[in-house]
Each structure stands twice: as structure tokens, then as C-alpha cells.
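Visitor: Please read through the structure below; I'll follow up with questions.
Please treat every number below as a calculation from the coordinates, not as lab data. Everything quoted here is computed from the prediction, not taken from an experiment. Note that we place each Cβ from the backbone using ideal geometry, even for glycine, and neighbour counts take in every protein chain shown.
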Amino acid sequence: MLDKFGIAQRIARELKDGMYVNLGIGIPTLVANYVPQGMTIILQSENGLLGMGPFPYEGDEDPDTINAGKQTITTLPGSSIFDSAMSFGMIRAGKVDLTVLGAMEVADNGDIANWKVPGKMVKGMGGAMDLVASAKNIIVAMQHCDKAGNSKLLKKCSLPITGLGCVKKVVSDLGVFDVTPEGFKLLERAPGISVDEIKAKTEGRLIVEGEIPEMKIN
Amino acid sequence: MNKLVNNAEEAIHGIEDNMTLMLGGFGLCGIPENCISALVKKGTKSLTCISNNAGVDDFGIGLMLQKKQVKKMISSYVGENAEFERQLLSGELEVELIPQGTLATRCMAAGYGMPAIFTPAGVGTEVAEGKETRVFNGKTYLMEYAFDADFAIVKAWKGDSMGNLVFRSTSRNFNPLMAMAGKITIAEVEELVPVGSLDPDHVHTPGIYVHRIFEGKGYEKRIEQRTVRKKE
């Protein structure tokens with residue numbers, strides 16, 4: 001089974017040199033820590049920054065320089081700053097190559113729910129609906145099951161939808177899945193996880209073809 | 001031409017109960033601190049506020065919420081505010097949540113003189129309920145209207161008495177968009193500079209969009225999430 005760092009590490013293997021990438025809050029943010037040496041990835045922060053750098057050194061915090069999670073961050077040589085309309089313009093126009101975000105539920109047709117739990121305080125969708133409606137490639141980082149053990153990879157989302165048919169790939173603590181017209185196609189198992197366990201914990205349609213390799217993360 | 005006013009109190013002249021305001025900023029970054037304080041002092045009520053966020057309990061728009069001055073918030077994300085939550089659950093406050101890109105682009109449309117935009121954000125979700133859709137090249141889009149705000153209040157880094165504005169780093173966010181979108185736009189700046197000292201090539205908001213401008217004072221620039229790394 002993967003912990004959150006393992007999920008981030010596995011997603012980092014999807015990165016390619018020169019990609020413009022938007023990382024959501026939570027596990028997706030951790031992906032930035034595993035960019036392979038020698039590879040240039042430009043991180044987009046939807047509040048208006050391309051080329052997001054690491055957190056500032058203590059004492060160097062700049063209240064004018066934050067990311068979409070409102071954390072103090074830094075810019076890098078080659079960074080650029082723009083307003084929020086241009087930020088979502090580049091997202092909508094498909095210029096951002098990859099979006100990684102978390103989810104409460106994903107359906108086997110690629111629907112995603114990640115913004116609202118009825119009956120609980122609703123904080124808002126932020127930029128999630130814009131991102132999922134437009135991104136060329138969306139990878140979801142998530143726990144496979146909720147705390148009660150119920151599958152979060154479903155036939156149909158039960159929570160309010162964030163976007164329809166948009167998720168391309170899921171990396172959970174149990175495995176890696178492509179979202180295909182036929183359902184979740186199992187590509188890799190997490191270390192120590194069997195195909196049977198994945199079958200038992202996946203409510204949505206699951207495709208298992210041939211031997212499923214255990215994933216390699218270094 | 002006389003856009004220059006002395007302070008926030010003068011700048012907010014004419015903002016009355018039941019008006020619609022746009023307030024720039026993302027979280028607490030780039031918010032018009034001086035004008036918010038002046039509005040709290042003035043006590044204007046039943047305001048509709050268009051702003052990406054609603055501040056925190058004791059800063060930003062949160063200060064206006066404490067004084068129950070806000071009737072309706074139009075925002076994309078309103079976490080981190082207990083008083084907000086209380087007023088929402090008790091029905092004192094109305095909230096319209098809209099996708100962040102839609103919020104930004106509805107401001108932009110107003111400033112560009114376009115009545116509406118088409119966006120895929122929210123298609124198939126509750127955001128789309130009751131809205132007109134159109135299909136372009138096989139993809140469905142929602143029609144969203146340009147905002148109509150009585151006043152836009154923005155914060156810039158530098159500005160001159162002609163209303164030209166320059167923003168700094170990610171405190172730019174919604175500010176230039178809202179600056180373009182208000183019937184009357186108020187800009188508070190950290191530094192008022194002499195006309196001619198801003199390079200025309202580097203002006204972010206041309207002065208035509210700005211009606212009132214003043215140099216603010218005592219900026220707190222509170223940090224919402226202080227994240228740092230240790231020096232190695």
C-alpha cells in the first residue's frame with residue numbers, strides 16, 4: 001500500500017520535461033518534491049503565477065507572493081505573473097499540460113466529485129470546476145476507500161459533481177488505473193497489494209487484463 | 001482631471017446600503033485594506049460583495065461580516081471564516097458560489113464591454129442549473145453574464161494621479177479585472193508616484209478605468225498560511 005508520499009512519487013513518474021503542470025492542494029502538492037533530476041517542470045498556480053518555486057527561507061516570506069493554497073512561496077528565474085482571468089484563460093485554452101488533483105469520489109466514466117458534501121459546511125469549488133472542465137490530462141490522487149472502508153472508485157458519483165467524464169488516470173494507495181470507456185483499467189498494483197484486494201475494494205467497473213505488475217517507485 | 005482623493009473615507013463616498021461592490025484580492029493577498037476599514041467605520045449595510053474569498057474572522061471582508069454589513073457574497077471559496085459559517089447556517093447571509101475562472105472572466109467581460117461569456121466550467125454540475133448552454137465544436141458551454149457592480153475597490157502597488165496602476169507579484173490576482181469592471185473604480189495604492197514616473201509599457205491597468213485613487217497607509221498585509229523552509 002502507498003502512503004501519501006508514495007502516491008505523489010508515483011504520479012511524479014507521469015511528468016515529462018517541459019510540462020506545464022497545475023497541482024491541487026494536499027497530496028498533489030507533494031508531487032513537486034519528486035520531479036526527476038534534470039527535468040524542467042513549470043508549475044502553474046491559478047492565482048496567477050507560472051514557475052512556482054519552493055517555500056521561502058524563514059524570514060524571506062513575502063505576503064504578496066502566495067500560491068492558490070494561500071501559502072507563502074517563491075518565484076523562480078523565468079517565472080511570470082498574470083491576473084486571474086489570464087490564469088484561467090490558459091487553463092481553459094488547454095495550455096496547461098497536466099492537472100493533478102484530489103477527489104472524494106471518481107466514477108468509472110471519469111466523473112469526479114471533490115467540492116461539496118451535502119449537510120456539511122460548503123466552502124466552495126475554487127478553481128476545481130474550471131480545471132476539470134478544461135484540462136487536457138487529469139490525474140487524480142486519492143485514497144481508494146473512505147475511513148469506513150467504502151470504495152471511492154464508483155459506478156456513479158453519489159456526491160455533487162465537479163466535472164463530467166474528465167479524469168484520465170487515478171493513482172490511489174492501492175494502484176494505478178486508466179479511466180477507459182470500459183471502466184477503470186488496472187495498470188499497476190501498489191507494493192504488497194493483490195489484484196483480488198483491488199477487485200474487492202473497487203465498486204466501479206474494473207478491467208484486469210493479464211499479469212498486473214507491482215509498481216516500482218524509488 | 002481630479003481622481004486624487006485624500007483617504008479611504010473620501011474614496012468610498014457614495015457607497016450606500018444595498019449596493020453591489022467588487023473587492024480585489026486572493027485570500028488576504030492584495031486586498032484593499034484601507035477601504036475595507038473605512039466601510040466598516042461607515043457601517044454601510046446590506047451590501048452584495050463580489051470577491052474571490054470572504055477574508056478571515058478578524059481581517060479582510062471578515063471585518064464587514066462581523067458588523068453584519070454583507071447581505072450576499074459572490075465568491076469561489078469561502079473557507080477559513082467561522083462567523084461567515086454561522087451567518088450562512090442561520091440564514092442571515094446569502095452566498096453564491098461560482099467557479100473561480102468564471103468569477104474572473106465575468107469581471108473581465110464587464111471591463112471589455114461584453115455582456116456574457118461561454119465557459120465549460122460547471123457543465124453537468126449544480127452550477128449549471130437554470131443556465132443557458134451552447135454547444136461549440138461538440139463541447140457544451142455555459143453562458144455566464146458579465147458582472148454589474150456599482151463600485152469596484154482594488155489595491156495596487158503603485159499608481160499615479162491619472163489612475164494608472166501597477167501591481168506587485170501575486171497580489172495582482174483579481175485586482176486589474178475588477179478595476180476594469182466597476183461603474184466607479186476606487187484604487188488604493190501603497191505608493192502614489194508622480195505622473196510620468198511609471199513606464200507606459202509597464203502599466204497593468206490604464207487610468208481610464210480608475211475614477212478615484214489615494215495612497216493607503218498602515219498596510220498590515222497579513223499572511224494567511226506562513227510556509228517556510230529551513231536554510232540548509
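Visitor: Kirkwood hydrodynamic radius, chain A, all distinct C-alpha pairs: what's the number in Å?
Guide: Working: mean 1/r = 0.0558 Å⁻¹.
This gives a value of 17.9 Å.
Visitor: So what's region B:29-124 giving for Cα Rg divided by 2.2 N^0.38 Å, two decimals? Let's see the in-between values first.
Guide: Numbers: Rg = 14.2 Å, N = 96, 2.2 N^0.38 = 12.5 Å.
Taking N as the residue count of region B:29-124, the ratio is 1.14.
Visitor: Assign one of three labels to region B:71-207, namely rounded, prolate or oblate, based on the Cα gyration tensor with a ≥ b ≥ c the square roots of its eigenvalues; rounded applies when a/c is under 1.5, prolate when it is not and a/b is larger than b/c, and oblate otherwise.
Guide: oblate
Visitor: Right, another one. Given contacts defined as C-alpha pairs under 8 Å and at least six residues apart, what's the relative contact order of chain B, whole-number percent?
Guide: Relative contact order here is 23 percent.
Visitor: Run the numbers on region A:63-204 and let me know its relative contact order in percent, using alpha-carbon pairs under 8 Å that are six or more apart.
Guide: 24 percent
Visitor: Enumerate the calculated ³J(HN,Hα) couplings along region B:189-199 in order (Karplus 6.51 cos²θ - 1.76 cosθ + 1.60, θ = phi - 60°), each rounded to whole Hz, writing x wherever the residue is Gly or Pro.
Guide: My calculation for region B:189-199 gives 10, 5, 9, 8, 10, x, 4, x, 8, 8, 5 Hz in order.
Visitor: Now for a separate question. So which of A:Lys216/B:Lys230; B:Lys72/B:Lys183; A:Lys152/B:Lys230; A:Lys4/B:Lys131 end up more than 29 Å apart by C-alpha?
Guide: On the way: A:Lys216/B:Lys230 31 Å; B:Lys72/B:Lys183 19 Å; A:Lys152/B:Lys230 37 Å; A:Lys4/B:Lys131 39 Å.
Listed pairs above 29 Å: A:Lys216/B:Lys230; A:Lys152/B:Lys230; A:Lys4/B:Lys131.
Visitor: What's the exposure ranking of B:His211, A:His144, B:His202, B:His13, going from fewest to most Cβ atoms within 10 Å?
Guide: The most exposed by this proxy come first: B:His202, B:His13, B:His211, A:His144.
Visitor: Under the rule of at least 5 residues apart or a separate chain, name every residue whose amide H is placed under 5 Å from the amide H of B:Ala149.
Guide: Answer set, sorted by chain and number: B:Lys183.
Visitor: What does DSSP give for chain A in terms of the percent of beta bridges that are antiparallel, rounded to the nearest 5?
Guide: In chain A, DSSP labels about 50 percent of beta bridges as antiparallel.
Visitor: Which longest uninterrupted range of chain A lacks any GluC sites (Glu not before Pro) assigned by DSSP to a loop state (not H, G, I, E or B) and surrounded by at most 13 other Cβ atoms within 10 Å?
Guide: Segment A:59-181 is the longest.
Visitor: Still on this structure, I have one more. Considering only B:Glu220, B:Glu80, B:Glu94, give the residue with the highest GNM mean-square fluctuation for chain B, with springs between Cα atoms whenever their separation is below 10 Å.
Guide: B:Glu220
Visitor: Given the C-alpha centroids of region B:155-232 and region A:9-78, what is the distance between them in whole angstrom?
Guide: 25 Å
Visitor: I've got another one for you. Computed FRET efficiency, Cβ-Cβ of A:Ala148 and B:Ser37, R0 45 Å: what is it to the nearest 0.05?
Guide: 0.45
Visitor: How many nm is it between the label spots at A:Ile25 and A:Glu58, if each spot is 7 Å from the Cα in line with the beta carbon?
Guide: Label-label distance for A:Ile25 and A:Glu58, simple model: 2.6 nm.
Visitor: If you don't mind, there's one more thing I want to ask. Go ahead and run the numbers for FRET between A:Met39 and B:Asn7, Cβ-Cβ distance against an R0 of 45 Å, rounding to 0.05.
Guide: Between A:Met39 and B:Asn7 the formula returns 0.30.
Visitor: Which value in deg cm²/dmol, rounded to the nearest 500, describes the helix-derived mean residue ellipticity at 222 nm for the protein assembly as shown, given -39,500 (n - 2.57) per DSSP H run of n ≥ 4 and division by the residue count?
Guide: Calculated at 222 nm, the ellipticity per residue is -5000 deg cm²/dmol.
Visitor: Between B:Leu28 and residues 5 or more places away or on another chain, which pairs have amide H atoms under 5 Å apart, with H built 1.01 Å from N, and which residues are they?
Guide: B:Glu224
Visitor: Additional query: Quick one: which residues, 5 or more positions from B:Tyr77 or on another chain, have an amide H under 5 Å from its amide H? H modelled 1.01 Å from N in the peptide plane, none for Pro or chain starts.
Guide: Counting only residues 5 or more places away or on other chains, the set is A:Gly126.
Visitor: Run the quick spin-label model on B:Ala128 and B:Met114: label points 7 Å from Cα toward the beta carbon, then report their separation in nm to one decimal.
Guide: 2.1 nm
Visitor: When Lys and Arg each count +1 and Asp and Glu each count -1, what net charge do the other residues less than 15 Å away from B:Gly218, Cβ to Cβ, add up to?
Guide: Numbers: positive: B:Lys41, B:Lys155, B:Lys217, B:Lys221, B:Arg222; negative: B:Glu9, B:Glu33, B:Glu188, B:Glu190, B:Glu191, B:Glu215, B:Glu220.
Net of charged neighbours comes to -2.
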